[in-house]
Amino acid sequence: MNTAATSFPERNAAEVADLVLTPGTAAPEVLARRARQRRQMYIGQVASYSLGAFVLLLYGYDGTVAMHVPSLFWVGGLSIIGIFAVLSEAGVGDRFTDHYLTVFQISAHMALQFIFLLSVPTIGIAFISVLFLIFAFGTLRMTSAQAMLTWALATIGLAAVFLGSELPIGMPVASRLQRIASMLCFVLVIGQCAFLGLFGATLRKVLYRRSIELKDAYRRIEELAELDELTGSYNRRCIMRLLDAEIEKSRQASAPCAIALIDLDWFKRINDAHGHPVGDEVLRTFAITIFANIRPADRFGRYGGEEFLLLLPDTNGEAAARMMERLRSIVAELDWSAFSPGMGVTISAGVVTLRDADTADTFLARADSALYSAKAQGRNRVAMS
């Protein structure tokens, strides 16, 4: 008299979550996972109908129902399951959004319960109680429209039984065996409803965990979209966006703002003499060094090639020059011989502060002019403009 939704709730919930989070996909692994879920569900339903038939068998031994009723109930349930199993293996359900064909399954199982309710009304409450289990299964997968449709069908069936007939619907408890069978009816229904509740709770937890994982993945993707792959600094698009934001913020707060345009001296010679892999390591080491020696509020990004842009919010010209001079000295004093004996790396920088009439373009143009001045003066130095 019972219809279980599925088995192995933790694993199945994870699989359902995968399908919820990847709608519309039809990859072979997704189709295989769907088929595996359906098979497990059908196995659970077979077990449920077997338990229901056992309870009816107790009623049969007591003489409450004819002995052929348990067999007919079991065969009827397995016939419904068999039809949907064949459709499942043929891939019919995969053509639809609801690959379980939930409405059709619920309708078929409800019809079977109503048939036996009308045939054996003396234990009718047992069949009616199973309707709760059927709908508990359905709520895991039905849409609002499907729920309304199946509820309407159930209402029509119950109205026909209670209002359109004079059947003596009951639950016999006259003998000890009847009491045992009646108790088992409710125990099995309650137990399987609890199982479905466990499945639903597990599904919610898995979906929540997957949503957190997706948020982390999206955040990581956004970070990667803003970062230069080689150096880990902001890429040009991102550092330019941050520059615009910093200019606006500085003007609103009437606070100073400085930038430094930095260039690695003779970097092309390093690539030519030692190869691009060494050049990449030099850029990466330089970026790590800068990150380790700037403030949390500062922003550092790759402007292009071996040029980098450092944003220095709330910093006046003198402070920016001192900070940049300190960074220049740190880079020059690093032991670069690990990459190649005798190698030395220095930087030149142009430092400028924001003016009232500056746009991002003019701000950068002045920094570029200061950088050009530093190079013209012999490199390995900081120039202000």
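To test your reading of the geometry: what angle, between 0 and 90 degrees and rounded to tens, separates the Cα axis of helix 102-119 from the longest principal axis of the chain?
Approximately 20 degrees, to the nearest 10.
Once Lys and Arg get +1 and Asp and Glu get -1 on their Cβ, which of 207, 64, 162 lies farthest toward the positive end of the dipole of the chain?
Checking the options against the dipole of the chain, the answer is 64.
If one puts a single equal scatterer on every Cα of the chain and applies the Debye formula without solvent, what log₁₀ I(q)/I(0) results at q = 0.07, 0.08 Å⁻¹?
Those come out to -0.58, -0.62, one per q.
So for the chain, averaging the separation of alpha carbon pairs under 8 Å that are six or more residues apart and normalising by length, what relative contact order in percent results?
Over the chain, the number comes to 14 percent.
So how far apart, in nm, are the two label points at residue 213 and residue 372 if each is 7 Å from Cα heading toward Cβ?
Rounded to a tenth, the inter-label distance reads 5.4 nm.
Mind jotting down the distance between the C-alpha centroids of the stretch 179-201 and the stretch 216-249, whole Å?
Cα centroid to Cα centroid, the span is 55 Å.
Pairing the Cα long axis of helix 276-292 with the longest principal axis of the chain, what angle in degrees results, from 0 to 90 and rounded to the nearest 10?
The two axes meet at around 90 degrees.
Return the long-range amide H neighbours of residue 257 (sequence gap of 5 or more, or a different chain), with a cut-off of under 5 Å between placed amide H atoms.
The list, which skips near neighbours in sequence, is 315, 354.
Dipole size in debye (nearest 20) for the stretch 67-209 around its Cα centre, Lys and Arg Cβ +1, Asp and Glu Cβ -1?
480 debye
Percent of accessible area on the chain owned by carbon and sulfur, 1.4 Å probe?
Percent of accessible area from carbon and sulfur atoms in the chain: 63.
Under the 0.36 nm per residue contour assumption, what length would be gained going from the current alpha-carbon distance of residue 177 and residue 159 to full extension?
3.4 nm
If you place +1 on the Cβ of every Lys and Arg, -1 on the Cβ of every Asp and Glu, and leave all else neutral, what size is the dipole of the chain about its Cα centre, to the nearest 20 Debye?
900 debye
Using +1 at the Cβ of each Lys and Arg and -1 at the Cβ of each Asp and Glu in the chain, identify which of 92, 372, 139 lies farthest towards the dipole's positive end.
So the residue furthest toward the plus end is 139.
Can you order the peptides 97-103, 150-156, 251-257 by their average number of other Cβ atoms within 10 Å per residue, highest first?
Most protected by this proxy first, the peptides run 97-103, 150-156, 251-257.
Is the shape of the stretch 183-254 best called rounded, prolate or oblate, per the rule: a/c under 1.5 gives rounded, else a/b larger than b/c gives prolate, else oblate, with a ≥ b ≥ c the square roots of the Cα gyration tensor eigenvalues?
Note, shape of the stretch 183-254 comes out prolate.
For the pair residue 297/residue 272, report the inter-label distance in nm, with labels modelled 7 Å from Cα in the Cβ direction.
4.3 nm
What are the lysines whose alpha-carbon lies under 30 Å from the alpha-carbon of residue 375, with same-chain residues fewer than 8 places away excluded?
By straight Cα distance, residue 375 reaches 268.
If you fit an axis through the alpha-carbon atoms of helix 317-333 and take the longest principal axis of the Cα set of the chain, what angle between them do you get, 0 to 90°, nearest 10?
For 317-333 against the chain, the angle is about 90 degrees.
Modelled label-to-label distance, residue 289 and residue 333, 7 Å Cα→beta-carbon offset: nm?
Label at residue 289, label at residue 333, 1.1 nm between them.
Semi-axes of the equivalent ellipsoid of the stretch 229-276: what are they in whole Å, largest first, if each equals the square root of 5 times a C-alpha gyration tensor eigenvalue?
That gives 33, 13, 6 Å for the three semi-axes.
For residue 233, which sequence-distant residues (separation of 5 or more, or a different chain) have an amide H within less than 5 Å of its own amide H, given hydrogens modelled in the peptide plane?
Long-range HN contacts for residue 233: 228.
From the phi angles alone, apply the Karplus equation (6.51, -1.76, 1.60; θ = phi - 60°) to the stretch 58-70 and give each ³J(HN,Hα) in whole Hz, x where the residue is Gly or Pro.
Residue by residue, the stretch 58-70 yields 5, 4, x, 4, 7, x, 6, 10, 5, 5, 7, 4, x Hz.
For the stretch 95-199, state what percent of all Cα-Cα pairs lands in each successive 5 Å bin, counting from 0 Å until the bin that includes the largest distance.
Calculated over all Cα pairs of the stretch 95-199, the distribution is 2, 12, 20, 20, 19, 14, 8, 3, 1, 0, 0 percent.
Just read off the accessible area of residue 268 with the full protein assembly in place, 1.4 Å probe, to the nearest 10 Å².
Its heavy atoms expose roughly 140 Å² to the probe.
The values are calculated or read from the model by the stated rules, or taken from the named source; none is laboratory data. Predicted model only: the values in this text are computed from it and were never measured. Glycine gets a Cβ as well: all are built from the backbone with ideal geometry, and neighbour counts include every protein chain shown. Accessible surface areas use protein heavy atoms only, side chains included; no ligands, DNA or RNA. Shrake-Rupley method; radii C 1.70, N 1.55, O 1.52, S 1.80 Å.
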